[in-house]
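> Got a structure for you, written out below as structure tokens; questions coming shortly.
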Amino acid sequence: MLALVTFPLATYCLFLAFLNGRRRPTVLAGNVDLMFLAVGLSGLFLAGPGRLLIPLNVLTFWGDIAWLLWAAFYLIVVQTVVWKLRRRIVIYNFPIAEMVPKLWEVVRNLDASAEWVGNSMTLPKYGIQFYFEVAPGSRNVVLVATRTSQSVASWQNLEMDIELSFRTIHVRRGPTAFFFFIAAVSLGGIGGWAISYG
């Protein structure tokens with residue numbers, strides 16, 4: 001059961017180490033980013049509240065199939081919740097001070113009537129309005145829609161244009177990449193130990 005918790009977390013940490021260790025920014029749709037997070041936390045859910053919610057007689061009768069069905073149900077619920085959230089785009093390993101001017105170039109190329117006020121930008125032509133979020137000490141920036149009713153197609157076009165524009169930009173490796181890599185190796189080692197001696 002310990003391996004069930006640690007292996008998904010280790011995989012997610014390795015994924016973060018890769019994104020933060022790249023020499024160019026990585027652009028991800030918010031729903032994709034949150035699904036990766038959900039997969040990373042899936043072991044915690046299945047080994048914790050998930051285990052308590054499955055009746056013992058179901059586990060006895062179905063065995064491993066019950067766990068697979070429960071995991072599929074978990075991912076379906078997560079996907080449903082994700083699609084209800086406001087649109088967002090996550091940009092990994094690009095400090096906000098360097099990212100915003102480049103983003104403004106992309107936005108102006110898309111919509112000449114775009115506006116940039118404080119930490120928010122508006123594209124009237126596409127009906128898009130968003131603001132920036134960044135965790136303290138982080139080189140990752142999130143563009144968050146100001147409301148849920150914005151066009152999915154417009155956000156997909158914005159994400160594609162940002163990704164194409166940022167593809168040629170070179171940045172230094174994020175300092176958090178090393179710590180995520182160490183966390184991944186440690187969690188993987190704990191899971192391997194649990195399997196060997198469990």
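Nothing in this text is a laboratory measurement; each read-out follows from the coordinates by a stated rule. Since we're looking at a predicted model, the values are computed, not measured. A quick note on method: Cβ atoms are made from the backbone with ideal geometry, for glycine too, and the neighbour counts reach across all protein chains shown.
> Among the residues of the range 94-124, write down those that are over 16 Å from residue 162 (Cβ atoms) and in contact with a Ser or Thr (Cβ under 6 Å, 6 or more places away or on another chain).
Within the range 94-124, 115, 124 meet the criteria.
> Restricting the search to the range 143-198, which residues are in contact with a helix residue (DSSP H, G or I) (Cβ under 6 Å, 6 or more places away or on another chain) and of a type in the set (D, E, K, R)?
Matches in the range 143-198: 161, 173.
> Would you be able to say whether some residue in the range 100-109 is touching a Pro at 6+ places or on another chain (Cβ under 7 Å) and either over 16 Å from residue 26 (Cα atoms) or touching a residue at least 60 places away in the same chain (Cβ under 8 Å) (or both)?
Scanning the range 100-109 turns up no residue that is touching a Pro at 6+ places or on another chain (Cβ under 7 Å) and either over 16 Å from residue 26 (Cα atoms) or touching a residue at least 60 places away in the same chain (Cβ under 8 Å) (or both).
> How many of the residues in the range 158-198 are surrounded by fewer than 18 Cβ atoms within 10 Å (Cβ to Cβ), closer than 24 Å to residue 20 by Cα and not aliphatic (A, V, I, L, M)?
14
> Given 146, 176, which one is under 18 Å from the mean Cα position of the chain (by Cα) and polar (S, T, N, Q)?
That would be 176, the only listed residue that is under 18 Å from the mean Cα position of the chain (by Cα) and polar (S, T, N, Q).
> Continuing with the same structure: I need the full set of residues from the range 149-189 which are farther than 19 Å from residue 131 by Cβ, in a helix (DSSP H, G or I) and of a type in the set (Ser, Thr, Tyr), in order please.
165, 176, 186
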